[in-house]
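None of the figures in this text is laboratory data; all of them are computed from the coordinates on show. Nothing here was measured: the structure is a model prediction, and the numbers come from that model. Methodologically, a virtual Cβ is constructed for each residue, glycine included, from the backbone with ideal geometry; neighbour enumeration extends over all protein chains shown.
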Amino acid sequence: MPTKISVKNLPKGYQSIITNGTHSIVGDEPLLSKGTDLGLSPTEMVLSGLAMCKVSTVRFIARKNNWEIRDVKANLEQIVTKGDGGLKTTVTINLSIEGDLTAEQKDELIKQADRCYIHRILNGEWDIQPIKIE
């Protein structure tokens, strides 16, 4: 089943109501970009999706293996540079997993987090179709 998102842009700043039909969030741009800074920026949303996928994958694998963990946290930072071939994006990820885990268990959790669905999507081939006017 395809993932569907609808976005309605509001007149103030760049505020947007983003919905999947069940849940809604507010997106915006920072003040420096003439937004109102009342929501996450598009870049922050992409990083949030990647971070959530990684921490959820860690939790899933730990539960599957009956490994006791507590908090799982991810901090991501993105740097975009311009080069001859276009934009190059570098994302740094720091992960914190609280729990009494062996080194092997932590290694397995990190390995699986690096294979999470959103990570694979972002590294995969994209075919973004031209915009259609409704």
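Roughly speaking, what is the stretch gain from Gln129 to Asp114, that is 0.36 nm per residue apart minus the C-alpha to C-alpha distance, in nm to one decimal?
Details: separation 15, 0.36 × 15 = 5.40 nm, distance 2.76 nm.
Taking Gln129 through Asp114 to full extension adds about 2.6 nm, to one decimal.
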Against the longest principal axis of the chain, how steep is helix 103-113, in degrees 0 to 90 to the nearest 10, with axes from Cα atoms? 20 degrees
Taking 8 Å as the Cα distance limit and 6 or more residues as the minimum spacing, I'd like the relative contact order of the chain as a percentage. 16 percent
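Between Met52 and Thr90, what length in nm is gained on full extension when 0.36 nm per residue of separation is reduced by their alpha carbon distance?
11.9 nm
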Principal axis dimensions, largest first and in whole angstrom, of the range 1-51 by Cα: 38, 25, 13
Which one, Trp67, Ile97, Ile121, projects farthest toward the positive side of the charge dipole computed for the chain from Cβ point charges (K/R +1, D/E -1)? Ile121
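How long are the three semi-axes of the equivalent ellipsoid of the range 41-124, in whole Å, if each is the root of 5 times an eigenvalue of the C-alpha gyration tensor, listed from largest down?
Over the Cα atoms of the range 41-124, the semi-axes work out to 28, 12, 11 Å.
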Taking the Cα atoms only, what angle lies between the long axis of helix 42-64 and the longest principal axis of the chain, rounded to 10 degrees? 20 degrees
Using a Gaussian network for the chain with springs between C-alpha atoms less than 10 Å apart, which of these wobbles most: Thr89, Thr19, Thr43? Thr89
Restricting the range 29-134 to trypsin sites (Lys or Arg not before Pro) in coil, as DSSP defines it, with at most 15 other Cβ within 10 Å: Lys34, Arg70, Arg115, Lys132
Cross-link candidates for Lys8: which lysines have Cα within less than 28 Å, leaving aside residues fewer than 8 places away along the same chain? Lys34, Lys132
Taking a crude spin-label model, label points 7 Å out from Cα along the C-beta direction, the Ser33 to Asn20 distance in nm is 2.2 nm
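Rounded to the nearest 500, what is the 222 nm mean residue ellipticity of the chain from helices alone, with -39500 (n - 2.57) per DSSP H run of 4+ residues and division by all residues?
Working: 3 runs with 41 residues, N = 134.
Mean residue ellipticity, 222 nm, calculated: -10000 deg cm²/dmol.
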